[in-house]
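Data block below; observations after.
Just so it is clear, none of the values below were taken in a lab; they were calculated from the coordinates. Keep in mind the model is a prediction, meaning the values are calculated, not measured. Positions of Cβ are generated from backbone atoms using ideal geometry, with glycine treated the same way; all protein chains shown enter the neighbour counts.
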Amino acid sequence: MMEIHGRLQAGRFPNAPALARELEVSEKTVRRDLEYMRDSLGLPVEYDGARRGFYYSGTVESFPLVKISEGELLGLLVARQAAEAFRGTPFAGTIEGALKKLAAGLTDEVSVRAEDLGAAISFRNKGATRMDADFLRTSAVAAQAVLAREELEFLYIKPLAREAARRRVQPYHLACLHGLWYLVGWDLAREGWRMFGVTRMREARATGKGFGRKSDFSPEKFFGGSFGLWKSGRETRVRVHFDAYTSALARERFWHESQEIFEQKDGTLEMELTVGGLDEAAAWVLGFAGGARAVRPAGFVEAVRAAAKRVAEAHE
């Protein structure tokens with residue numbers, strides 16, 4: 001409809017067959033949209049028999065695509081600022097274009113200046129991906145391969161490796177986790193699921209060979225049980241105690257889909273979660289700087305103690 005609106009506003013007197021050809025849709029779809037624009041949106045759409053085309057018989061300053069409530073406006077503001085996390089990535093243009101279309105459709109009932117958004121709402125993300133030219137190219141190639149279901153080849157450098165290893169994968173999913181981008185795919189040589197940091201991928205290229213997606217894959221299933229990025233394959237139910245001050249902070253956030261909170265009589269709380277790896281959960285506990293304590297099981301308590309010992313030894 002936005003395309004039809006643009007042609008009508010330009011005074012080009014388009015007809016249904018011409019619009020159908022240009023927009024690559026059926027004439028029935030074009031006529032249905034024109035009727036909706038006239039009858040439901042109240043736009044002055046008329047047909048000129050002499051010019052054999054449609055036109056606006058009155059002034060149309062903006063296309064009334066959506067009417068939004070205050071709550072929906074807040075949602076749009078949040079989405080606009082959240083999109084800053086994608087600045088510099090191959091997805092930035094698409095997201096920005098979608099948000100502009102939504103903003104252009106706002107009626108005069110609501111108005112907001114784009115420059116006011118930053119003053120109203122902002123996001124701060126520590127340790128976000130460093131988006132240099134290599135990252136932008138690699139992420140674009142990976143995203144296209146995921147969408148096209150094409151096998152991908154690249155050199156991959158593990159954190160402590162001295163040399164890169166060539167990998168060939170069937171790419172399934174791109175995920176932004178804690179500000180960092182990862183590719184999830186089926187590693188053909190290792191015959192298993194792997195997750196690759198996009199910043200560690202080099203010389204990525206689509207091979208041109210397609211693949212059929214495995215029906216049992218889903219991002220929810222792949223990341224399910226992990227506390228952060230990784231899971232060991234064995235899920236463990238852990239319990240953490242928070243002191244009075246940290247309990248107040250813990251209540252303010254949703255930490256994990258499996259969490260269960262147990263309020264204590266002294267005003268503190270304990271939380272149980274099911275995690276797929278103890279190391280990341282231990283690091284989370286230590287992040288409260290002594291305000292949180294592992295309660296059970298014994299293996300989790302030991303993982304926290306071992307991590308704390310390594311931190312202490314690093315500062316001797």
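Note on Ala189 and Thr29: the extension gain reaches 52.8 nm, defined as 0.36 nm multiplied by sequence separation minus the Cα-Cα distance. Once R0 is set to 51 Å, what does the formula 1/(1 + (r/R0)^6) return for the Cβ-Cβ distance between Gln9 and Trp255, expressed as a FRET efficiency to the nearest 0.05? It comes out at approximately 0.55. Peptides 21-34, 268-281, 144-157, 39-52 ranked from most to least packed give 268-281, 144-157, 21-34, 39-52, packing being the mean of other C-beta atoms within 10 angstrom over each peptide's residues. Does a label point 7 Å from the Cα of Phe288, set along Cα-to-beta-carbon, have any residues of the range 301-316 with amide nitrogen under 17 Å, and which are they? The answer is 301-308. When +1 charges are put on Lys and Arg Cβ atoms and -1 charges on Asp and Glu Cβ atoms, the dipole computed for the range 236-314 relative to its Cα centre reaches about 200 debye.
For Asp266 and Ala312, a Förster radius of 35 Å and the Cβ-Cβ distance give a FRET efficiency of 0.75, rounded to the nearest 0.05. From most to least packed by mean Cβ count within 10 Å, the peptides 197-203, 213-219 give 197-203, 213-219.
If the chain linking Arg234 and Asp134 were pulled fully straight, counting 0.36 nm for each residue of separation and taking away their Cα-Cα distance, it would gain 32.5 nm.
When only the Cβ of Lys, Arg, Asp and Glu is charged (+1, +1, -1, -1), the dipole of the range 167-316 relative to its Cα centre reaches about 840 debye. Please label the shape of the range 133-223 as rounded, prolate or oblate, based on the square roots a ≥ b ≥ c of the eigenvalues of the alpha-carbon gyration tensor (a/c under 1.5 means rounded; beyond that, a/b larger than b/c means prolate, else oblate). It is rounded, given that a/c, with a ≥ b ≥ c, falls under 1.5. Report the paramagnetic label zone for His173: residues of the range 193-215 whose backbone N is under 19 Å from a point 7 Å from Cα along the Cα-to-Cβ axis. Counting backbone N atoms under 19 Å from the label point, the list is 193-199, 211-215.
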